[in-house]
Amino acid sequence: IFPEHNQNRGIERAIPLSYDGHKVFNGEINVWRNGEPENIADTDTENGVKVFRLGHKNRYVQGRQEYKIEYTLTDVIKDSGDYQEIYWNTNGTQWSQPFGSIEAKLILDENVANDYAGEAVCYVGPDGSSLPCNDWQKDGNSFVFTHGVLNAHNNLTFAAKFKPGSFAGHS
């Protein structure tokens, strides 16, 4: 919910370009605001993170807004030897505004969907929190992790385990 006076032209979204020493993000996103395609006013790269400024340079946003940001990450699997895992912080802790709700969706390729090891978790809160999120569900090849109100500087983190060797190593 944005103030009813001219203060903000939209939001920023920062996405890491690399993870664990290799490239994971190709720099492409799709954005909708209130169900309509949204403008990307500007981008910048800072400290290995691509920052998107979403909105219009000369138009302010006011009142309740719903943003949907869609992008693909690759090669984000950690290998412990006994299992492989995706462990991901979805929104980060640098937001000084609260979220009304947050949802993260993990879609598995058909080649690894059957390698899910039956363990997934979801946490919310400041960095390092072990407070469970409101809900997570697995439906076919997809996981959906959700939480209601998320305070400023809080994050939704999810993890899912897979059998050893489910994913090839990255080069």
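The numbers here are math on the coordinates, done by the rules we state, and not lab data. Here the structure is a predicted model, which is why all the values come from computation and not from measurement. Note: ideal-geometry Cβ built from the backbone for every residue, glycine included; neighbour counts use all protein chains shown.
Other residues with beta-carbon under 15 Å from the beta-carbon of T93 carry, at +1 per Lys or Arg and -1 per Asp or Glu, a net charge of -1. Sorting the segments 16-22, 143-149, 115-121 by their mean number of nearby beta carbons within 10 angstrom, highest to lowest, gives 143-149, 115-121, 16-22. Would you please give the FRET efficiency between W32 and D82, computed as 1/(1 + (r/R0)^6) with r the Cβ-Cβ distance and R0 = 30 Å, to the nearest 0.05? Using R0 = 30 Å, I get an efficiency of 0.15. Normalising the average separation of contacting C-alpha pairs (under 8 angstrom, six or more residues apart) by the number of residues puts the relative contact order of the stretch 1-122 at 26 percent. Tally Lys/Arg at +1 and Asp/Glu at -1 over every other residue whose Cβ is under 14 Å from the Cβ of N58; what's the total? Charge balance in the 14 Å sphere: +3.
Please label the shape of the stretch 117-171 as rounded, prolate or oblate, based on the square roots a ≥ b ≥ c of the eigenvalues of the alpha-carbon gyration tensor (a/c under 1.5 means rounded; beyond that, a/b larger than b/c means prolate, else oblate). Prolate shape, in that a/c is at least 1.5 and a/b is the bigger ratio. Approximating the spin labels as points 7 Å out from Cα along Cα→Cβ, the E12-to-T72 distance works out to 2.8 nm. Each Lys and Arg contributes +1 and each Asp and Glu -1, all at the Cβ; summed about the Cα centre of the stretch 27-171, the dipole is approximately 480 debye. Overall, the ratio between the Cα radius of gyration of the stretch 1-160 and 2.2 N^0.38 Å, rounded to two decimals, is 1.10. Over every Cα atom in the stretch 69-171, the radius of gyration and the widest Cα-Cα span, Dmax, amount to 14.0, 40 Å.
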